[in-house]
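Read the structure below first, then the notes.
The values are calculated or read from the model by the stated rules, or taken from the named source; none is laboratory data. If you're wondering where the values come from, they're calculated on a predicted model, not measured in any experiment. A quick note on method: Cβ atoms are made from the backbone with ideal geometry, for glycine too, and the neighbour counts reach across all protein chains shown. The protein model used for the area step is the full one, side chains on, heavy atoms only, and it has no ligands, DNA or RNA in it. Shrake-Rupley method; radii C 1.70, N 1.55, O 1.52, S 1.80 Å.
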Amino acid sequence: MRLMTPIAKYWLCKRLPPLVAEAMECLGGNGYVEEAPLARLYREAPLNGIWEGSGNVICLDVLRSIQKEPASLDVLLEEVNSGGERVSQGAAPIYRLLKDTIGVELQARRIVESIAIALQASLMARHAAHEAADAFCASRLAGDWGRAFGTLPSTAPCEAILRRTLSLGPRP
């Protein structure tokens with residue numbers, strides 16, 4: 001889908017630098033040494049946004065795609081809404097932002113971020129473990145989180161999520 005490609009590019013390029021920084025922090029000094037691949041990834045993470053085009057250009061490309069093929073937005077929102085009522089309610093900002101046709105270009109980044117989060121929530125609601133989907137929706141759609149990684153609601157079942165993650169890991 002032509003609409004999802006620029007959304008994915010924007011979202012991944014913006015999320016990668018803080019993700020790599022967090023991974024480096026988890027490893028401490030071992031993540032920073034040149035012998036480990038993480039130091040290179042840390043230096044290269046911001047370049048993805050440059051190689052793929054600036055964030056503003058990518059977000060304007062999303063708006064152009066919607067203008068050129070309005071039906072693509074309907075298909076995307078149908079996909080989002082298939083995640084259930086909670087996800088549909090969390091997608092409300094997308095509708096609100098797109099209605100303001102005069103200021104829509106000024107809100108391009110916010111629109112693309114809203115779409116990316118809503119689509120993630122929909123996919124998680126349909127395909128992820130219930131505990132992980134609940135934590136994602138509570139934090140990303142309901143806004144119960146901080147701006148750093150790991151700031152989930154206190155009610156998030158972190159132990160259950162971790163147990164499931166570890167059970168899916170590589171087998172010895």
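Miscellaneous remarks
- Residue ranges of helices (runs of 4 or more DSSP H) in segment 29-82 with at least 3 members aromatic (Phe, Trp, Tyr): none
- Complete set of residues in segment 5-42 that are open to solvent by 90 Å² or more (accessible area, probe 1.4 Å) and more than 25 Å from Ala116 (Cα to Cα): Glu25, Cys26, Leu27, Asn30, Tyr32, Glu34, Glu35, Arg40
- On the stretch given as segment 15-56, residues that are among the charged types (D, E, K, R), farther than 24 Å from Val75 by Cβ and in contact (Cβ under 8 Å) with a residue 12 or more places away in the chain total 1.
- Condition check for Leu73: over 16 Å from Pro6 (Cα atoms), open to solvent by less than 50 Å² (accessible area, probe 1.4 Å), among the hydrophobic types (A, V, I, L, M, F, W, C) and at pLDDT below 90: no
- Only one of Glu79, Glu85, Glu44 that is modelled with pLDDT of 85 or more and within 17 Å of the chain's Cα centre (by Cα): Glu79
- Scanning segment 43-64 for residues that are open to solvent by 50 Å² or more (accessible area, probe 1.4 Å) and out of contact with any helix residue (DSSP H, G or I) (no Cβ under 6 Å at 6 or more places or on another chain) gives Arg43, Glu44, Leu47, Ile50, Trp51, Ser54, Asn56, Val57, Arg64.
- Failed condition for Lys9, given (1) charged (D, E, K, R); (2) assigned to a loop (DSSP other than H, G, I, E, B); (3) within 30 Å of Glu78 (Cα to Cα): (2)
- Check on Ser139, out of contact with any helix residue (DSSP H, G or I) (no Cβ under 9 Å at 6 or more places or on another chain), in a helix (DSSP H, G or I) and of a type in the set (Gly, Ala, Ser): yes
- Which listed residue, of Val112, Val104, is touching a Leu at 6+ places or on another chain (Cβ under 7 Å), under 21 Å from Gly55 (Cα atoms) and modelled with pLDDT of 85 or more: Val104
- Restricting attention to segment 83-105 and to residues that are part of a helix (DSSP H, G or I) and within 14 Å of Val62 (Cβ to Cβ), the residue that is most open to solvent (accessible area, probe 1.4 Å) turns out to be Glu105.
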